[in-house]
1. Hand me the list of helices (runs of 4 or more DSSP H) wholly inside segment 43-139 holding 2 or more residues that are of a type in the set (A, V, I, L, M).
2. Find all pairs meeting these conditions: Cβ atoms under 9 angstrom apart; at least six residues apart or on different chains; first residue within segment 126-138 and of a type in the set (Lys, Arg); second residue assigned to a helix (DSSP H, G or I).
3. Among the numbered criteria (1) surrounded by 17 or more Cβ atoms within 10 Å (Cβ to Cβ); (2) touching a Phe, Trp or Tyr at 6+ places or on another chain (Cβ under 9 Å); (3) β-branched (Val, Ile, Thr), which one does Val132 miss?
4. Looking at Leu210 and the list (1) modelled with pLDDT of 90 or more; (2) out of contact with any Ser or Thr (no Cβ under 8 Å at 6 or more places or on another chain), which single condition is not satisfied?
5. Please work out if Arg234 is of a type in the set (Lys, Arg), free of Cβ contacts under 8 Å to residues at least 40 places away in the same chain and loosely packed, with under 15 Cβ neighbours inside 10 Å.
6. Taking segment 136-161 as the region of interest, how many residues are surrounded by 15 or more Cβ atoms within 10 Å (Cβ to Cβ) and either not assigned by TED's automatic domain parsing to the domain that holds Ile126 or not polar (S, T, N, Q) (or both)?
7. Can you find, within segment 175-203, the residue that is modelled with the lowest pLDDT among those that are surrounded by fewer than 13 Cβ atoms within 10 Å (Cβ to Cβ) and in a helix (DSSP H, G or I)?
8. Can you tell me how many residues in segment 63-82 are under 25 Å from Thr155 (Cα atoms) and surrounded by fewer than 18 Cβ atoms within 10 Å (Cβ to Cβ)?
Amino acid sequence: MGGGGREAGGQASQGDSGKSGRASRGDSAQRTYGGVSADERRAQRRAALLAAALEIIGTQGLAKLTVSGLCAEAGLNERYYYESFDSREAVLTALIDAIAEELAIAIVAAVGTAPKDPRETARAAIAAGIHVLTDDPRKAKVALVAGMATPELRTRTTETVRVFARMVAAEGIDFYGIDDPDSDPAIDFRANYLVGGLVQTLTAWLQGELSLTRDELIEHTTDVFVLLGEDLARRLT
């Protein structure tokens, strides 16, 4: 009986080991597939949905952005939509945020490599931002048109404008060596005025309301930024 007990125990141990091995292999399969982790696959599906949303909005219009249409464009089952998003507004918010991040990266890179001259620095930043939105017109349509689609998206767009206004203010403070940037609210006022005005001007230009080439748009915008920036710097330094 003692030997039988040991044998049964040994069999149970082997069975547990086999189950453990299968579970381990199952966990591994959940973690990786074809060398790609589950998190990476989710990120890839999310990126595919955002790329599909950009294509639909940019070429067909916001009204065509539906769950079924989005998943068909992305080549994904509809269940994967709900893995990343719970509403159309969530898709638009994520897409607007992605474009804003691309804009910020391009502008910071342009400023970092521009000659240390007020006009050259301003022109480099403005050109970088305008090129991001106009080299791929779909991005401008999302950022400037879809961003106004609902009150919540308008709020998000306003917050994004403020972020870029703070970038402009910080760059001006650093460039002109303003010692006490909190001493004059005109810094924030002008930064918000410049960025908000640029958004409105770019929207009008994209809608064909301004008879300017892209280079002319960049040059005129640079003129305004430099004029207001240098005037303020003279007052505060």
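1. Values: elements: 67-74, 81-84, 88-113, 118-135.
Of the helices (runs of 4 or more DSSP H) lying wholly inside segment 43-139, those with at least 2 residues that are of a type in the set (A, V, I, L, M) span 67-74, 88-113, 118-135.
2. What qualifies is Arg138/Leu54; Arg138/Glu55; Arg138/Ile57; Arg138/Gly58; Arg138/Thr59.
3. Evaluating Val132 over (1) surrounded by 17 or more Cβ atoms within 10 Å (Cβ to Cβ); (2) touching a Phe, Trp or Tyr at 6+ places or on another chain (Cβ under 9 Å); (3) β-branched (Val, Ile, Thr) leaves (2) as the failure.
4. Among (1) modelled with pLDDT of 90 or more; (2) out of contact with any Ser or Thr (no Cβ under 8 Å at 6 or more places or on another chain), the lone unmet condition for Leu210 is (2).
5. Yes.
6. Number of matching residues: 15.
7. To start, the set of residues in segment 175-203 that are surrounded by fewer than 13 Cβ atoms within 10 Å (Cβ to Cβ) comprises 177, 179-180, 182-183, 185, 200.
With the extra rule that they be in a helix (DSSP H, G or I), the set shrinks to 182-183, 200.
On the way: Asp182: 71, Ser183: 63, Gln200: 93.
Among them, the one singled out is Ser183.
8. The total comes to 5.
The values are calculated or read from the model by the stated rules, or taken from the named source; none is laboratory data. Because the structure is a prediction, the values reported are computed rather than measured. As a convention, Cβ positions derive from the backbone with ideal geometry for all residues, glycine included, and neighbour counts pool all protein chains shown.
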